[in-house]
Structures are given as structure tokens and as C-alpha cells.
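Each remark here refers to the structure printed beneath this line.
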Amino acid sequence: MCPCHRPSGLIRGRPGRIGGPAFAIDGIALLSGRGAVEEARRRWVRWTKKERTVFLDHLAATGSVCEAAAIAEVSTSSVYRLRRKDEAFAEDWRKALILGYEMLETVLLGHVLAGGGSRIQRPDGRTIDLGDAMRLLSMHRAHRQGDRKRGGRPLERARPEDTDAAILRKLAAIDRARALEAEEARAQ
């Protein structure tokens, strides 16, 4: 299970404190004994160059934000916050994921050329299903190419001259249809 999905947000205080043991869940400190609830202070993380490098290296290697954050010893919320705030980090994140896909492609190629089966055994003991990996790579490739698989020509934004001409053609067709109806009504 991914480290960020474990109940590791539960922090036990030291017994013997005033009010008994303290617990914190999702940033709210609960002090048992008196039933008091206090808002815990948000700890702002100042990222070091080493933490960024460790996170991005593990993101490229695993493709998992949770695992990379755990290895870098930072929270996933701080990782996502940094990605929102820092454009350079967001670009490095994107490059790390692209590198991860290239590594997956390399592993798949080596496995197939070696005559491997439908599963790939990773050094960490986990297995990769060949079909799942191929689907993941094809979805990634389609996303990178702008999903050209939809068919047809690429969408184009209409120019005002084109829309005006189309409206005028439609109005002319309506006028012709009304004139034809009027002629038919007079003929009867």
C-alpha cells in the first residue's frame, strides 16, 4: 500500500502530558481527557535541492507520487502544493514522468526481446503485467500526441468572415424555402 494511503497521519503524543495522550488527524490535534480540539499549526516545508532531486529521481523510477514523497521524507500535500506554486518544479515533474515512461518502455523492450512471458518481475519483488504496461504506454503516447486517434482533421477555430458567410448562406436558403412555399400556396 502506498505510504500516503496508510493511516500514518495519526500521531500519538507522549502519555503523561496534561490532558492525557494527544492525537492529530489531518492537521487537527485532539487532546483526550478534556475533549479539547485544537487546530494544529500547518508546517510549511522549505524544500532543499536534495529533497527535490530525491523526489524527482524516485518519481521517474516508480511513477508513484506517494512513494517518491515517502522516500524524500515530505508529505504528498507539500509536493502537490510545490507543483502548483513553482513552474520550474512542475516542468521537472513532467520531465521525470516522461523519463519514467521511457524507462518502462526500455524494460518492456528488453523483456520482449529476451523472450519473456506476460509478466515482468521487478527487482523490488513486484510484478508488472505486460498488457497493463502496454495500455499505459499507448495512453501516454496518445496524450503526448494530442490524442490524434479520434480521427478526422484537427479542430480549427472559425474566423469571423467564415461564420458570417455561413450565416448568410443559411439566411439565403431560408429565403428560398419561404419563396417556394409562397409560390406553392398561390398555385393552389
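The values are calculated or read from the model by the stated rules, or taken from the named source; none is laboratory data. Source: prediction; values computed, not measured. As a convention, Cβ positions derive from the backbone with ideal geometry for all residues, glycine included, and neighbour counts pool all protein chains shown. For the accessible areas, the whole protein counts, side chains as well, though only heavy atoms, and no ligand, DNA or RNA atoms are used. Shrake-Rupley method; radii C 1.70, N 1.55, O 1.52, S 1.80 Å.
Tabulated values for the structure
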{"read-out": "Residue 68 vs. criteria of a type in the set (A, V, I, L, M, F, W, C), touching a Ser or Thr at 6+ places or on another chain (Cβ under 7 Å) and open to solvent by less than 20 Å² (accessible area, probe 1.4 Å)", "value": "yes"}
{"read-out": "Hey, residue 83 at pLDDT 85 or above and open to solvent by 60 Å² or more (accessible area, probe 1.4 Å) or not", "value": "yes"}
{"read-out": "All positions within segment 50-61 that are in contact (Cβ under 8 Å) with a residue 24 or more places away in the chain and either of a type in the set (Gly, Ala, Ser) or open to solvent by 50 Å² or more (accessible area, probe 1.4 Å) (or both)", "value": "52, 57, 60, 61"}
{"read-out": "Members of segment 94-114 that are under 16 Å from residue 59 (Cα atoms), open to solvent by less than 70 Å² (accessible area, probe 1.4 Å) and out of contact with any Phe, Trp or Tyr (no Cβ under 9 Å at 6 or more places or on another chain)", "value": "97, 98, 100, 101, 104"}
{"read-out": "Qualifying residue in segment 71-79 (condition: modelled with pLDDT of 50 or more and under 24 Å from residue 139 (Cβ atoms))", "value": "yes"}
{"read-out": "Selection status of residue 124, in a loop (DSSP other than H, G, I, E, B), within 22 Å of residue 55 (Cα to Cα) and of a type in the set (D, E, K, R)", "value": "yes"}
{"read-out": "Selection from segment 115-135 of residues that are open to solvent by less than 70 Å² (accessible area, probe 1.4 Å) and either under 19 Å from the mean Cα position of the chain (by Cα) or of a type in the set (S, T, N, Q) (or both)", "value": "133"}
{"read-out": "Residues located in segment 146-166, provided they are open to solvent by 100 Å² or more (accessible area, probe 1.4 Å) and either at pLDDT 80 or above or of a type in the set (A, V, I, L, M, F, W, C) (or both)", "value": "155, 159, 161"}
